[in-house]
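*Asks:* The structure that follows is given in the form of structure tokens.
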Amino acid sequence: MRYGFVILLLMVMGTTLAQAETYATKRLAEDGIHDPENDAIKILQEPGESMIDFPMDRRGQIDWVQSIRSKKVNPRRSLNGGEYDGEIMIETDMDIIMKRTANMPNVRFPHLAHTEWLTCNNCHPKIFIPQAGANPVSMEKILKGQFCGRCHDKVSFSLWTCERCHSVPHEKSGDAYVDPAPSK
Ligand code: HEC
Ligand code: HEC
Ligand code: HEC
């Protein structure tokens, strides 16, 4: 009975891992976004081809932070390609340590990794009041799609790579997570 449960769990985990491996390189016709019946799909480059040597995280998703740092990508500053398009991009290197994390390591929120892609306006003041500790963030709310969950698990990296956010160990937490098999 007990073994049955373990085997079932391993099977479920196996499927999830198998899916994770192919996530980044899923064919356009099978990604659930593009219409496979539409002829125009043939003029688009397959992700598996365009992102073949991009750095990946341990779930097999593209690591966009490493991609921008290693200059694999160089995003435009605005929709039209100019420096200024109604809103200005200001890269800001300011980390906020968020400490209401119970037994998990504290969260380091890096402004830099965000302001390389986003303007201040994308977050302030609608998602976060710009004041350390002023926002009633919790993991439950994040999982329900509020605060960090507005983007993470959607357009940004998965909530299941806990260690990318919970990266600052403290007295009551475990040690920092070390990837047993770093991809790159
Ligand atoms: C991806 C979302 C996001 C973006 C984009 C962003 N911030 Fe923040 N900002 C945060 C979060 C989260 C906090 C911490 C809030 C908390 O602790 O409750 C914060 C805090 C702040 C604080 C308070 C610091 C303190 O010590 O009290 C300031 C000031 C700030 N941000 C300015 C900016 C500026 C200027 C920009 C644009 C250059 C920017 N932020 C872009 C999410 C963002
Ligand atoms: C996108 C960043 C992010 C990821 C990924 C993430 N967390 Fe969190 N987590 C937070 C933030 C932010 C808080 C609230 C910190 C604060 O307000 O001081 C938090 C709070 C928590 C808390 C404190 C209690 C609570 O319910 O709020 C626990 C426990 C927790 N996270 C566990 C996890 C686990 C387990 C994972 C992976 C399955 C995970 N987190 C992934 C950002 C993240
Ligand atoms: C408006 C969208 C948005 C919100 C809200 C947001 N993020 Fe992010 N986050 C991003 C994007 C985009 C990136 C960079 C590209 C990527 O990794 O997907 C990023 C990157 C990060 C990184 C860098 C990871 C690394 O490997 O260096 C951390 C840590 C992070 N976010 C934590 C948080 C936490 C904690 C919150 C909430 C307090 C939060 N983010 C809220 C969009 C967002």
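*Asks:* When you look at residue 78, is it within 22 Å of residue 55 (Cβ to Cβ) and among the polar types (S, T, N, Q), yes or no?
*Replies:* Answer is no for this residue.
*Asks:* Looking only at region 139-154, filter to residues that are farther than 20 Å from residue 92 by Cβ and within 11 Å of ligand 3 (Cβ to nearest atom); which one of those is nearest to the chain's Cα centre (by Cα)?
*Replies:* 153
*Asks:* Could you tell me which numbered condition residue 119 fails, if it satisfies all but one of (1) more than 8 Å from ligand 1 (Cβ to nearest atom); (2) within 23 Å of residue 68 (Cβ to Cβ)?
*Replies:* Status for residue 119: all satisfied but (1).
*Asks:* Is there a residue being within 8 Å of ligand 1 (Cβ to nearest atom), within 26 Å of residue 56 (Cβ to Cβ) and aliphatic (A, V, I, L, M) anywhere in region 136-158?
*Replies:* Among the residues of region 136-158, not one is within 8 Å of ligand 1 (Cβ to nearest atom), within 26 Å of residue 56 (Cβ to Cβ) and aliphatic (A, V, I, L, M), which makes the answer no.
*Asks:* Which residue pairs have Cβ atoms under 9 Å apart, sit 6 or more places apart or on different chains, and have a first residue in region 146-157 that is acidic (Asp, Glu) and a second that is within 12 Å of ligand 1 (Cβ to nearest atom)?
*Replies:* What qualifies is 153/142.
*Asks:* Evaluate region 53-71: report whether one residue or more is away from ligand 3 (no atom under 16 Å from the Cβ) and either over 30 Å from residue 131 (Cβ atoms) or outside the structural domain of residue 168 (by TED's automatic domain parsing) (or both).
*Replies:* Yes - at least one qualifying residue is present in region 53-71.
*Asks:* Right, here's the next one. Give the number of residues within region 60-107 that are surrounded by fewer than 14 Cβ atoms within 10 Å (Cβ to Cβ) and on the phi > 0 side of the Ramachandran plot.
*Replies:* So the answer is 4.
The values are calculated or read from the model by the stated rules, or taken from the named source; none is laboratory data. This one's a predicted model, so the numbers in the text were calculated from it and none came from an experiment. Positions of Cβ are generated from backbone atoms using ideal geometry, with glycine treated the same way; all protein chains shown enter the neighbour counts.
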